[in-house]
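Engineer: First, the structure itself, so that you have it in front of you.
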Amino acid sequence: MSADMADHERIDFSKISFLVVEPNRLMGQMVRDVLQMLDAQYIDRARDFETAVNVLRMGRTDMMITEWALNQEKLGRDGMDIVHWVRNDGGSPNRMMPIVMMTANSEEEYVCRARDCGVSEFVAKPYTVNGFYTRLASAIARPRQFVRIGEYFGPDRRRRKVDYAGPERRVEAV
């Protein structure tokens, strides 16, 4: 049995509520269809920052999947602004929710910026269903510890365990 299948057996997507933030109606429907294939039952949708924040304030979202590039004509906000709001705003009902960032911009610069803003996982478009599932499973089944380092609050940006003999500079999130 592959690792992906083992994760699939442990994750009950029907118990997880999702928010999909995607300005393109067709792409949003595609993400919703994949989630429904995984037995997700609770899927809210938003097309812009303001709508996403209003849905998040209701406190019923367990996991968010957001496109980086939103309709910026509305308030000039993008997916990174939503991530920043979730992680840092006092009005955020779940600062530690898993967040998956989706974008066609998969260059290292974008991946690093998303990581440094506090996303849990990154999915490059176009994506495969298996690749998308792998990122969801990783964010749910193997969440990274949350830390506060200066202005940063979010999942530990390091994925590998490193033998480090120096002073500990990270502070665990409470």
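Engineer: Please grab the % of Cα pairs in the stretch 102-147 that end up more than 13 Å from each other.
Structural biologist: Pairs farther apart than 13 Å: 57 percent.
Engineer: Roll a 1.4 angstrom probe over the protein heavy atoms and tell me the percent of accessible area of the stretch 3-144 that is carbon or sulfur.
Structural biologist: Roughly 48 percent of what the probe reaches on the stretch 3-144 is carbon or sulfur.
Engineer: Report, as a whole number in µm² per second, the diffusion coefficient that Stokes-Einstein gives for the stretch 3-144 at 10 °C and 1.306 mPa s using the Kirkwood radius over alpha carbon pairs.
Structural biologist: The Stokes-Einstein estimate is 106 µm²/s.
Engineer: To the nearest 10 square angstrom, what accessible area does residue 133 show with a 1.4 Å probe?
Structural biologist: 20
Engineer: So how do 63, 96 rank on accessible area, 1.4 Å probe, biggest first, that is with the largest at the start?
Structural biologist: Most to least solvent-accessible, the answer reads 96, 63.
Engineer: Quick one: go through the stretch 109-133 and flag any residue whose amide nitrogen is under 14 Å from the point 7 Å out along the Cα-to-Cβ line of residue 141.
Structural biologist: Only 130-133 fall inside the zone, counting backbone N under 14 Å.
The values are calculated or read from the model by the stated rules, or taken from the named source; none is laboratory data. Model, not experiment: these values are computed from the prediction. Note that we place each Cβ from the backbone using ideal geometry, even for glycine, and neighbour counts take in every protein chain shown. Heavy atoms of the whole protein, side chains included, go into the accessibility calculation; ligands, DNA and RNA do not. Shrake-Rupley method; radii C 1.70, N 1.55, O 1.52, S 1.80 Å.
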